[in-house]
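**Student:** Handing you a structure now.
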Amino acid sequence: MDNMIEMKNVSMSFGALEVLKDISLSIKRASKTVIIGPSGSGKSTLLRCINLFERPQKGKIIIDNEEITHLRHRDLCRIRQSIGMVFQAFNLYAHKTVLENLCMAPVLLKKEKYKDVKERALMHLDQVGLSDKIDSYPSKLSGGQQQRVAIARALNMEPKILLFDEPTSALDPEMISEVLNIMTKVAQEDITMIFVTHEMGFASNIADRVLFLNEGIIAEDGTPDEVFNNPKNERTKQFFSKILKHT
Amino acid sequence: MKMVFTYENMIFLLRGLEITLIIAFSTIALSFIFGSILGIARFSGKGILAKLSAIYIDTVRNIPLLLFIIGFRFTLPLPPVASAIASMTVFTSAMVAEIVRGGLHSVSHGQWEAAYSQGFSYVGTMIHIILPQAVKKILKPLMSQFVTAIKDTSFCAIIAVHELMYSGMIVMGKFVTSTQAIILYALIAIIYFTLNTALLKLSNKIKF
Ligand SMILES: Nc1ncnc2c1ncn2[C@@H]1O[C@H](COP(=O)(O)OP(=O)(O)OP(=O)(O)O)[C@@H](O)[C@H]1O
Ligand SMILES: [Mg+2]
């Protein structure tokens, strides 16, 4: 099978609020998917179901042909080692230097040799253009730099899947492009990636596939050109006209 | 004047100081251990352990220390100093627990999510990510709680433990003029003050 992620009839509610409604979705190995949609439509929740940060009440989630929905905590930790996540708020380990942020989990969890992990970390820091910051603490970095470190930290786990939840939304405008440039570069890698983002230009550049999520339902699913230029759904058209007005 | 600073009086007060230090540092060490366990248990939320910790902490924090000191002395078959340490530990542990819990809560939720997303377990996240950050925030309030514990040992005078305060009161019995009394109390105050200031200075030196 060449699907890296499969969701089968996934439904997720918070109390009485049904956030994901019977979602079925297959994501191809090494593909790049962008998810867009209005606030509250369930984008984050969908993303967080993939590493089981949220446990759906119904349905199955299958990662690399292994069903994870009913795994015990210990096995789930093992699965998460191969699913990287980049957060809106960066979430670098505040008490660790940049290099330590990258090396901690591979050494402690994957039991790799520090020497190998460090070598790889230096390579990834070079990739995100922060070789000169290896000994800095996160608080000494700009938002854009922190997010680039967070991307390098995720890469340094050598994940099969990378999830990005609005990685540029917390950044000052002048830092957005430096992070988007790095993400465009990273998107060349053979890792399965899903981006929740409102950056349409970036999406057009790198996405094989765009999903438009509306009220917990995938209302649009196609190539960037199909979804952006010929949306089938009335709600999608409204959404784009609003976004275009604002930018 | 001569009557106050006699060799015997000074030795007697020093013996008192020794007992004070024994009670204080035993209390501090034990409270640090029990308080940390209680605080982490309560923080961790679910389960009987968390509930019991919460009940313990909230009960003890709302009862005056003096009641524990007196109550323990008259109900438990312990020698005076041991009874003093036990009662002060019961009380101070609850204080330490709340400080520890507050420190844990002050570490942002994003740190947990980052660690979980990389595959850390709850315990692994606690040990490698959360506790090291909480410790920094805990240190100052913890030290000030320990200074409070040192001062609170003076309450043990009420159960006739021969700590500094009680020794002072015994010496006082020999005096006739109020000047002598004032000088003696000033001396005792200076000893407590010096001890606590030194401890705070020392704790300021600890850097991470
Ligand atoms: N832990 C939670 N408890 C209760 N309700 C939640 C929780 N997480 C999300 N929700 C609710 O579920 C709905 C979908 O949230 P979600 O975060 O997935 O939306 P989103 O599409 O990512 O929105 P945004 O663009 O604002 O990030 C929202 O109404 C939100 O308030
Ligand atoms: Mg969101």
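**Student:** Please check: in the Gaussian network model of chain B (C-alpha springs, under 10 Å), which one of B:A189, B:A149, B:A94 has the largest mean-square fluctuation.
**Tutor:** B:A189
**Student:** While we're here: Which distance in Å, rounded to a whole number, links the C-alpha centroids of the stretch B:21-87 and the stretch A:54-77?
**Tutor:** 42 Å
**Student:** Show the residues, 5+ positions off or on another chain, whose built amide H is closer than 5 Å to the amide H of A:N3.
**Tutor:** The answer is A:R29.
**Student:** Show that you can apply the helix-only estimate: for chain B, add -39,500 (n - 2.57) for every DSSP H stretch of four or more residues, divide by all residues, and state [θ] at 222 nm to the nearest 500.
**Tutor:** Values: 9 runs with 163 residues, N = 208.
The per-residue figure over chain B is -26500 deg cm²/dmol.
**Student:** Rounded to the nearest Å, what's the spacing between the alpha carbon centres of the stretch A:10-24 and the stretch B:166-208? Just the number, please.
**Tutor:** Taking the Cα centre of each part, the stretch A:10-24 and the stretch B:166-208 sit 66 Å apart.
**Student:** How high is the relative contact order of chain B, in percent, with contacts defined as C-alpha pairs under 8 Å that are six or more residues apart? Present the calculation step by step, with values, prior to reporting the outcome.
**Tutor:** On the way: 216 pairs, mean separation 60.4, N = 208.
After rounding, I find 29 percent.
**Student:** Given a Förster distance of 41 angstrom, what is the FRET efficiency for B:E18 paired with B:A50, based on the Cβ-Cβ distance and rounded to 0.05?
**Tutor:** Working: r = 39 Å, r/R0 = 0.96.
So the FRET efficiency works out to roughly 0.55.
**Student:** Right, next: Kirkwood hydrodynamic radius (Cα pairs, Å) of the stretch A:117-165? Please report the intermediate quantities before stating the final value.
**Tutor:** On the way: mean 1/r = 0.0899 Å⁻¹.
For the stretch A:117-165, the Kirkwood estimate is 11.1 Å.
**Student:** Give me a comma-separated list of calculated 3J(HN,Hα) values for the stretch B:14-30, in order, Karplus coefficients 6.51, -1.76, 1.60 applied at θ = phi - 60°, integers in Hz, x for any Gly or Pro.
**Tutor:** The phi angles translate into 4, 4, x, 4, 4, 4, 3, 5, 4, 4, 4, 6, 5, 4, 4, 5, 5 Hz.
**Student:** Remind me, what semi-axes does the stretch A:198-242 give for its equivalent ellipsoid, largest first in whole Å, using sqrt of 5 times each Cα gyration tensor eigenvalue?
**Tutor:** Values: eigenvalues 51, 26, 19 Å².
For the stretch A:198-242, the ellipsoid semi-axes come out as 16, 11, 10 Å.
**Student:** Of the residues A:D75, A:D126, A:D190, which exhibits the maximal mean-square fluctuation in a Gaussian network model of chain A defined by a 10 Å Cα contact cut-off?
**Tutor:** Taking springs between Cα atoms under 10 Å, the residue moving most is A:D75.
**Student:** Sticking with this one: Can you tell me the orientation of helix A:98-108 relative to chain A, as the angle in degrees between its alpha-carbon axis and the longest Cα principal axis, to the nearest 10?
**Tutor:** Around 80 degrees separate the two axes.
**Student:** Then there's this: With label points built 7 Å along Cα→Cβ from the Cα atoms of A:F14 and B:S108, find their separation and express it in nm.
**Tutor:** Computed distance between label sites A:F14 and B:S108 equals 1.9 nm.
**Student:** Then there's this: Through the Karplus equation 6.51 cos²θ - 1.76 cosθ + 1.60, θ set to phi - 60°, convert the phi angles of the stretch B:52-66 into ³J(HN,Hα) values in whole Hz; use x for Gly and Pro.
**Tutor:** 4, 4, 4, 4, 4, 4, 5, 5, 4, 5, 9, 10, x, 4, 4
**Student:** Name the residue from B:L21, B:A149, B:Y122 whose Cα lies farthest towards the positive end of the charge dipole of the stretch B:7-205, charges +1 on Cβ of Lys and Arg and -1 on Cβ of Asp and Glu.
**Tutor:** Positive-most Cα among the choices belongs to B:Y122.
**Student:** So how strong a dipole does chain B carry about its Cα centre when Lys and Arg Cβ are +1 and Asp and Glu Cβ are -1, to the nearest 20 debye? Kindly include the intermediate steps, with their values, before the conclusion.
**Tutor:** Numbers: 16 positive and 7 negative charges, 68 e Å.
Its charge dipole is roughly 320 debye.
**Student:** Can you show me the helix-derived [θ] at 222 nm for chain A, built from DSSP H runs with n ≥ 4 at -39,500 (n - 2.57) apiece and divided by the number of residues, rounded to the nearest 500. Mind showing how you got there, number by number?
**Tutor:** Values: 9 runs with 94 residues, N = 247.
The helix-only estimate for chain A comes to -11500 deg cm²/dmol at 222 nm.
**Student:** When you have a sec, figure out the Kirkwood radius of the stretch A:170-245 from all distinct Cα pair distances and drop it here in Å to one decimal? If you can, show how the numbers build up before the last one.
**Tutor:** Details: mean 1/r = 0.0737 Å⁻¹.
Result for the stretch A:170-245, one decimal place: 13.6 Å.
**Student:** I would also like to ask the following. Nothing charged except the Cβ atoms of Lys and Arg (+1) and of Asp and Glu (-1): what's the magnitude of the dipole of the protein assembly as shown about its Cα centre? Round to the nearest 20 debye. Walk me through the numbers on the way to the answer.
**Tutor:** Working: 49 positive and 39 negative charges, 261 e Å.
Roughly 1260 debye for the protein assembly as shown.
**Student:** In whole percent, what relative contact order does the stretch A:55-155 give with Cα contacts below 8 Å and a gap of six or more residues?
**Tutor:** In percent, rounded to a whole number, it is 32.
**Student:** Moving to a separate point now. Hey, any idea what Rg/Rh is for chain B, computing Rh the Kirkwood way over Cα pairs?
**Tutor:** Numbers: Rg = 20.7 Å, Rh = 19.0 Å.
Radius of gyration over Kirkwood radius for chain B works out to 1.09.
**Student:** Which of the trypsin sites (Lys or Arg not before Pro) found in the stretch B:106-196 are in a DSSP loop and have at most 15 neighbouring Cβ atoms, other than their own, within 10 Å?
**Tutor:** Passing sites in the stretch B:106-196 are B:K174.
**Student:** Quantify how much of the Cα-Cα distance distribution of chain A extends past 24 Å, in percent. Intermediate values should be presented prior to the final figure.
**Tutor:** On the way: 14276 of 30381 pairs.
Roughly 47 percent, once rounded to a whole number.
**Student:** With unit charges on the beta carbon (Lys/Arg positive, Asp/Glu negative), name the residue among B:L187, B:L65, B:G103 whose Cα is farthest towards the positive pole of the charge dipole of the stretch B:7-205.
**Tutor:** Among B:L187, B:L65, B:G103, the one farthest towards the positive end of the dipole of the stretch B:7-205 is B:G103.
**Student:** Rank these for me by crowding, A:K133, A:K60, A:K111, going from fewest to most other beta carbons within 10 Å.
**Tutor:** Values: A:K133 20, A:K60 15, A:K111 7.
Placing the least packed residue first, the sequence is A:K111, A:K60, A:K133.
**Student:** Right, something else. Which order results if A:S13, A:S39, B:S36 are arranged by neighbouring Cβ count within 10 Å, fewest first?
**Tutor:** Going from sparsest to densest Cβ surroundings: A:S39, A:S13, B:S36.
**Student:** Three principal axis extents, largest first, for the C-alpha atoms of the stretch A:88-158, in Å?
**Tutor:** Result, largest extent first: 30, 20, 20 Å.
**Student:** Go through the stretch A:191-203 residue by residue and turn each phi into a ³J(HN,Hα) via Karplus (6.51, -1.76, 1.60, θ = phi - 60°); whole Hz please, and just put x for glycine and proline.
**Tutor:** My calculation for the stretch A:191-203 gives 9, 6, 10, 10, 10, 9, 7, 9, 7, 5, x, 4, 4 Hz in order.
**Student:** Set the Förster radius R0 to 45 Å, insert the Cβ-Cβ distance between B:I206 and A:N181 as r into 1/(1 + (r/R0)^6), and round the FRET efficiency to 0.05.
**Tutor:** On the way: r = 43 Å, r/R0 = 0.95.
According to the calculation, E is roughly 0.60.
**Student:** Follow-up question, since we're still on this one. Please state, as a whole number in µm²/s, the translational diffusion coefficient that the Stokes-Einstein equation yields for the protein assembly as shown at 37 °C and 0.692 mPa s, with Rh defined as the Kirkwood radius across alpha carbon pairs. Provide the component values of the computation, followed by the final result.
**Tutor:** Numbers: Rh = 26.2 Å.
Answer from the Stokes-Einstein relation: 125 µm²/s.
**Student:** Who wins for biggest fluctuation among A:N156, A:N101, A:N205 in a Gaussian network model of chain A, springs between alpha carbons below 10 Å?
**Tutor:** A:N205
**Student:** How big is the dipole moment of the stretch A:88-158 about its Cα centre under a simple scheme where the beta carbon of each Lys and Arg is +1, that of each Asp and Glu is -1, and everything else is neutral? Debye, nearest 20, please.
**Tutor:** On the way: 11 positive and 8 negative charges, 32 e Å.
Roughly 160 debye, rounded to the nearest 20.
**Student:** Which far-off residues, 5 or more places away or on another chain, put their amide H under 5 Å from the one on A:I35, with H placed in the peptide plane?
**Tutor:** A:F195, A:V196, A:T197, A:L211
Every read-out reported here was derived from the displayed coordinates using simple, explicitly stated rules and does not represent laboratory data. Note that the structure is a prediction, hence the values are computed from the model and not measured. Cβ: placed from backbone, ideal geometry, glycine included. Neighbour counts: every protein chain shown.
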